[in-house]
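The values are calculated or read from the model by the stated rules, or taken from the named source; none is laboratory data. All values reported here derive from a predicted model rather than from experimental measurement. Neighbour counts are summed over all protein chains in view; Cβ atoms, including those assigned to glycine, are modelled from backbone coordinates with ideal geometry.
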């Protein structure tokens, strides 16, 4: 595929911000295909994931080569917690930005008749959320929903290395539509950064929760498959996974609180 050839794994490791290009290009191609085939939001998300998956697989294979060269545990032990996982976290963050900004721009540029079809699933979710804003149990509903998404991200990554990518991409498309709606009501394309920034106080915590849970699931999967090498290695990785999971829950609680507080 052409997309994973645009930016090498080595470049992504050194410059994670380049992942914005992958997210944007993959999303743009997915939107074009959905427009031609008159498909909706879930199909759009699946296409985005299919576009990003080859690059993710290449990175996984890159890590496998490190393992085969007996460099894996050296990598795991070096540096601090953020140094071990910071690169992957940044990759996800920049992919989310690339997807969201592209979706927002498409929502503004394309005719309403087209966006109502392509983003129908996202619009349905947004309407469900906004329809419950007046309920007194809003905090609990948001938190339970986000914890559910986090749990699925964790389980998906536990059984499949890139399993969390679909849910993260789905939430990025929903964010993109929300931002597109807000920007369209203001000044159009030039308002996208401002509207996107307005959702960052709670959105950043929610996405970090999903990302951390996805990475934690992947780490546990690796620890289980390699547990015979050393019990010390196993518990070291499990400790990192536990810290990531705890951090994910804390992020989601903070995100839900900020989201509810901002609506008051």
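For the condition at pLDDT 85 or above and under 20 Å from residue 158 (Cβ atoms), residue 212 qualifies. Does residue 177 qualify as being touching a residue at least 60 places away in the same chain (Cβ under 8 Å) and either farther than 20 Å from residue 92 by Cα or not in a helix (DSSP H, G or I) (or both)? No, not satisfied.
When restricted to residues that are surrounded by 16 or more Cβ atoms within 10 Å (Cβ to Cβ) and either out of contact with any helix residue (DSSP H, G or I) (no Cβ under 9 Å at 6 or more places or on another chain) or not in a helix (DSSP H, G or I) (or both), the stretch 105-121 contains 2. Here are 175, 158, 165: which of them is modelled with pLDDT of 90 or more and either under 24 Å from residue 42 (Cα atoms) or touching a helix residue (DSSP H, G or I) at 6+ places or on another chain (Cβ under 6 Å) (or both)? From the options 175, 158, 165, the qualifying one is 175. Within the option set 130, 134, 114, being within 23 Å of the chain's Cα centre (by Cα) and either at pLDDT 85 or above or closer than 20 Å to residue 256 by Cβ (or both) holds for one residue only, 130. In the stretch 180-212, of all residues being free of Cβ contacts under 8 Å to residues at least 24 places away in the same chain, touching a helix residue (DSSP H, G or I) at 6+ places or on another chain (Cβ under 9 Å) and in a helix (DSSP H, G or I), the one that is nearest to residue 258 (Cα to Cα) corresponds to 198. Here is the figure for the stretch 175-204: residues that are under 20 Å from residue 19 (Cβ atoms) and buried (at least 21 other Cβ atoms within 10 Å of the Cβ) total 6.
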